Amino acid sequence: MQPLLAQTAQAIAASAGQAVAHGAGGGHGAAEGPIVAVAPTVEATSLLAVVILLPLLGAALNGFLGKRLGTQGVNLVGCGTVALSALLSWKLVLDLVQLSGPGHAAGGNFGLHQNLFPWIHVGSFQADFALWLDPLAAVMLLVVTNVGFLIHLYSIGYMKGDPGYARFFAYLNLFLFSMLCLVLGDNLLVLFLGWEGVGLCSYLLIGFWFEDRANARAGKKAFVTNRVGDFGFALGMMMLFAVFGTLEPQAINQALAVPQGSLPATVPLWTLEAAALLLFVGACGKSAQIPLYIWLPDAMAGPTPVSALIHAATMVTAGVYMVARLNGVFFHAEFACYVVIVVGASTALLAATIGLVQNDIKKVLAYSTVSQLGFMFVAMGAGAWAVGVFHLMTHAFFKACLFLGSGSVILAMHHEQDMRFYGGLKRFMPTTHWTFLFATLAIAGIFPFAGFFSKDEILWNAIASQRGGTLIYAVVLLAAFCTAFYMFRILWMTFWGEHRGVPEGHGHDHGAESADDDHHHHAHGDPQESPWTMTVPLMVLGVLSLVGGFLGVPAVLGGHFGFPNLLHDWLHPVFQYSTVALDPTMAHNHAMEYGLMALSLGVAGLSIFLTWLLWGGGKDALRDIFAEKSPWLHDLLWNKWYVDELYESVLLKPLVFVSREVLWRIVDEVIIDGLVNGVASFCKQAADKMGRAQDGDVGNYATIMVAGMVVLLLVIVGFGVGT
Amino acid sequence: MPTDLHFSLMIPELVVLGSAVLVLLLDAVLHGGGPRPGEEDPRDTTLALSVVGCVVAAAWIPAVLWNIEGPRSSFNGLFVADRFSLFFKLVVLVGAALSLLLSDSWLRRRRLSSGAAHALVLFATSGMMYMVSAGDMVTLFLGLEVMSIPVYCLAALLRWEDRSVEAGVKYLVLGAFATAIMLFGFALLYGYQGLVGGVATTQLEPLQTTLMANAEALPLYARAGGLLVLIGLLFKISAAPFHMWTPDVYEGAPLPFVAFMSVAVKATAAAVLLRVFGGPLLAVLGLDGMLWVVAAFTMVVGNFMALVQDNVKRMLAYSSIAHGGYILVGVLAGSAEAQAGVLYYALAYTVGNVAAFAVLVYLSRQGHEAERFSDLQGLGARHPLVGGVMVLAMLSLTGIPPLVGFFGKFVIFKAAVAQGYVGLTILALLTSAVSFAYYLRPVIALFMRPTVGCEVAVIPVNRRVALCMGLTSLAICALGVFSESYLGWLSSAVLALAG
């Protein structure tokens, strides 16, 4: 995989050079003078459908014939289809790189397009089932198929011996199909189909071990919470259709490719603001932002590969992707962007603080995901679309690696998820440890790991963008501090120090996956390193966590050495008409940028040092001081800021009360039931009356026919008289 | 006198007829005139021959005839093979082939000879094919009889069972009655054509031209003639008040052949309705208001009566009446879009209904027809896939997107509104809502009621029935999802009708 990546990187670099030569200069170039929107260059392809249909085929085969295929067959179908899909996606992206050469001279966006079939044509509403691969979709496509394949491979080891093995792979393949619809959909309806599809698969996989009620409940919580978001998303879609008469993001962005403040008269600003806010509600649901983030930590009830694929690397980033896809709308909707950046920053900090004190390894990672998604939305709110997508990509690498690493640990510890029983696992599981360390360094933002580049750009944009500010920057920096802290806390508690082990007689009752325990033999003893199907994905992702960041080296670092910001240039055609300018005082202040970079590195270092003090220095007592001195703070964090309780008393209870006392007792039982039963009994009585004629006597039937005929003839005669 | 003898246009009909004759001969040779009790008969040959006959005939249509160059009518206009008729032939052949697949296991379980039954299905099919191709009242009438008589026999196939014989006799008596009415109508129209049109001919096209040309001053007897022909067709499509035979016949007739007659006869009747009365002719004859009333009455009676049935077959009988009503809405609207909708609906109804009957056939055993709702109880838990087929069929018949049944209704209703039939469309929508109640009853029985009796649990799914279920389910989903492409294809078929 590595040489392929490098090859693409070169190709991208080549095309990027051209882009810079012909485009508006790349970088953070502000809109100068009137923009003349160049229409996208479109080339037809017939392979996009194959990419999305392969996983669907796998899902169908495993779903319907899984039991007959046997384990090897399920593996072959489940992983094989995804592997082919991944290979094909590389080919398509290389085609796209080719396209960026000569055709790109026009300077507009470019992409591969395939129209599968006309889907819904009703009046002025035209929606084809069409797929579109442009540079933005290409980034997502590669992440989804390749990380998806690694996680499929990993699942072979992780799910070994599970009675629902084939079902698991069927769901996983179905998820990939839906996710690819979401990524490649050429109109919002296809995107929405994928959006709902991934939601369904998420529900099915969270509750995969549904015999345990807690798991089933977690699935339900995810589904219902997402429904709130989907409602907003659907309304936003309708709003966009009402304004633009189309649901194609390309067309919408094209129509909005004007400088800010000079919208055409047909597009009132408030409609864009409203649409953007509604869409963001959808993004909040899918991407777990305040106030809808509460489902994601519970979603950890699903098997760990699911947490890695769906609840870390791909599905939860759909909201970010959707905002990037509709960058034109968010570019003009400045107020909506303020909401986005505030929500993003708050979520980043809130979730990171909760992560500080959790003991369940997957819970920490879940809150970490929520927090990192907040980072991405800060970038989106700041108008730094490419930066958000960059962080989305690096996050997919290191967070998938972290989750898979935690899965490896959980398997070795016989589904014990409490870190207090871990410790010293480095000795037993070196591969898991090293890859986990790489990914931790990446998420903590240590140079030169992937997270350093992407997070630092977010921090820079948080303060330098016209839509950012010092306060936002401070909040995000604090969140970054917490990130490094809770991640190194995991390392200390899990891999370093002494191995504590699960005490004798300790039940597995608090492990969310306890339902599965019956199926695993408990060969208690030293934890074992996982099989190669699990460690190979870990190693690949670990390496990606190290080098992934070089795709987006910021100008201040790479510029001196002639090293381009590959990802930024690659994405430039997509975002060129929605560039949000930086604050003029900041735009060319390199000293400032270096200073802030050093500051964030220092903050991360300080954080790591603190964890060493608390866990590494043998000063266990220090840890208790925090809990003793400020018990309220500890309780606040431990209880997740009491948000669940707040929702329960502010939203749930009144809602249940109104539903039961008003909607059910009065509206439903009296009014609706009365109407329904009334109509039903009317229909029944009418039918009984009519049924009397149906007495089985042929003579009567013939008489009725003749009577009918005579009446109709009389009517005609009557008409005849009339005329 | 005939100068244009294009037998090649008739190849599908000839194939079906040929296989019918062969099946009869083979049956006589192989079985010596009847099944021997307690001995397994080699029925595979006749089944294979009949199904292959249908499939070859059906394949011939898109492969050759659809895009044929040159004349599309033959025998001086007696026989028309335009795309419109070709489409309906496809529908009829699909219905016939699927019913044949269904009938096999059903007949086996009762140790019945299959050859005669298969031959009857094939003969009826050829009659339907001639009917939809009829460019002349004589062809139409001949086709009608070739279709009807085998269907009466199929209804009475279980000649030692009272219910079956009753069904056959009722169908025969009332059918003959309707045929007589229709024939009288033909006679009146023929007389009109001879008197006013100048040339005494039974062909439809000159007749239609004459009627249109004299739209202002049509004598009463011409309009009455039109009305009587219409009544004959309404009987076949089982529109109220000419529907009384339907529930009794469906209840008594053998299951797989009920599937056949419900879908194929209805499709044929719809085709002839469009062929004879399509376009503005209905209004010229002053029959549009009358058809409005009949359509409304049919939808109300069909849907309301279906509500109170305890027998699934009777419920499906009334539901088929209701669907006839929706088709009439399309016929009444008359625009090209509405006609395409009728075509769409014919196939939508065919696959949905056959899927439902396939599940019932699967559930039937020796001496026990699965026809009460209680027979379905608990099936969903034991055979989720079979239960799923039933759910798909019911949801499609109700008209839930994205299944094919939804788009069928949608296209027809849209066209009806465009033609100004708003009131009728509202009525259609309301009665559709009523249909929810009875279509969901099988679903409730399948998935939400405990199992009664455990012997049902051991039925293995017959391969041919499974094939039938698979094909229809696939069609229900695929035709719905790809409805746009499919409708585009249908428009070309309707174009033939106008031109």
Kyte-Doolittle mean at least -0.5, axial Cα span of 30 Å or more - DSSP H helices of chain B: B:83-109, B:162-192, B:312-333, B:336-363, B:422-448
Relative contact order (percent, whole number), chain A, Cα cutoff 8 Å, 6+ residue spacing: 14
Nitroxide proxy distance, nm - points 7 Å out along Cα→Cβ at A:LEU637 and A:ARG227: 3.6
Inter-centroid distance (Cα atoms) of segment A:649-723 relative to segment A:384-418, Å: 58
Using a Förster distance of 30 Å, the FRET efficiency for B:ILE11-B:ARG159 (Cβ separation, nearest 0.05): 0.30
Two-decimal log10 I(q)/I(0) for segment A:642-722, as the Debye equation yields it once each C-alpha is a single scatterer, q = 0.15, 0.19 Å⁻¹: -0.80, -0.92
Total accessible surface hidden between B and A, rounded to 100 Å², 1.4 Å probe: 3000
Reference-scaled alpha-carbon Rg (2.2 N^0.38 Å with N residues) for the protein assembly as shown: 1.08
Percentage relative contact order, segment A:202-273, counting C-alpha pairs under 8 Å, at least six apart: 19
Summed side-chain charge close to A:ASP298 - residues other than A:ASP298 whose Cβ falls under 10 Å, Lys, Arg +1, Asp, Glu -1: +3
Helix A:148-158 vs. chain A, principal-axis angle (Cα, 0 to 90°, nearest 10): 80
Accessible area expressed per residue, segment B:7-498, with surrounding protein chains retained (probe 1.4 Å, Å²): 32
Extension gain, A:ASP673 back to A:TYR647 (0.36 nm per residue minus Cα-Cα distance, nm): 6.3 nm
Intensity falloff of chain A expressed as log10 I(q)/I(0), Debye formula with alpha-carbon point scatterers, at q = 0.07, 0.08, 0.10 Å⁻¹: -0.51, -0.64, -0.95
Segment A:159-218-segment B:71-101 distance, computed between alpha-carbon centres (Å): 45
Space enclosed by the convex hull of the alpha-carbon atoms of chain B, per residue, Å³: 132
Nearby lysines by direct alpha-carbon distance to A:LYS286 (threshold 21 angstrom, same-chain neighbours under 8 apart not counted): A:LYS220, A:LYS221, A:LYS362, A:LYS363, A:LYS399, A:LYS640
Length released on extending from B:VAL55 to B:ALA187, taking residue separation times 0.36 nm less the Cα-Cα span: 43.8 nm
Nearest-0.05 FRET efficiency for A:LYS91 and B:VAL138, computed from C-beta distance (R0 56 Å): 0.35
Sparsely packed trypsin sites (Lys or Arg not before Pro) within segment A:670-723, loop by DSSP, other Cβ within 10 Å at most 16: A:ARG692
Chain A - mean residue ellipticity at 222 nm from DSSP helices (-39,500 (n - 2.57) per run, n ≥ 4, rounded to 500): -21000 deg cm²/dmol
Contour minus Cα-Cα distance for A:GLN72 and A:PHE335 (0.36 nm per residue): 89.3 nm
Helix-only mean residue ellipticity at 222 nm for chain B, each DSSP H run of n ≥ 4 adding -39500 (n - 2.57), per residue, nearest 500: -24000 deg cm²/dmol
Relative contact order (%) - criterion: Cα under 8 Å, at least six apart; region: chain B: 15
In nm, spacing of pseudo-spin labels at B:ILE68 and B:VAL461 (7 Å Cα→C-beta vector): 3.9
B:MET469 accessible area, 1.4 Å probe, all protein chains in place, Å² to nearest 10: 10
Point-to-point label distance, B:SER492-A:PHE117, nm (Cα→Cβ direction, 7 Å offset): 1.6
Solvent-accessible area, 1.4 Å probe, carbon plus sulfur percent, for segment A:11-638: 67
Degrees between helix A:361-381 axis and first principal axis of chain A (Cα, 0 to 90, nearest 10): 80
Degrees between helix A:532-547 axis and first principal axis of chain A (Cα, 0 to 90, nearest 10): 70
Residues losing 30 Å² or more accessible surface upon assembly, segment A:668-698, compared with the chain by itself, 1.4 Å: A:CYS683, A:LYS684, A:ALA687, A:MET690, A:GLN694, A:VAL698
Candidate lysines for bridging to B:LYS236, where Cα separation is under 28 Å - those fewer than 8 sequence places away on the same chain excluded: A:LYS684, A:LYS689, B:LYS89, B:LYS170, B:LYS266, B:LYS313, B:LYS409, B:LYS414
Modelled FRET efficiency - R0 45 Å, A:LEU269 with A:THR470, Cβ distances, 0.05 increments: 0.95
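The values are calculated or read from the model by the stated rules, or taken from the named source; none is laboratory data. Quick caveat: nothing in here was measured; it's all calculated off a predicted structure. Here Cβ is always computed from backbone atoms with ideal geometry, including for glycine, and neighbour counts include all displayed protein chains. Keep in mind that these areas ignore ligands, DNA and RNA; they rest on the heavy atoms of the full protein, side chains included. Shrake-Rupley method; radii C 1.70, N 1.55, O 1.52, S 1.80 Å.
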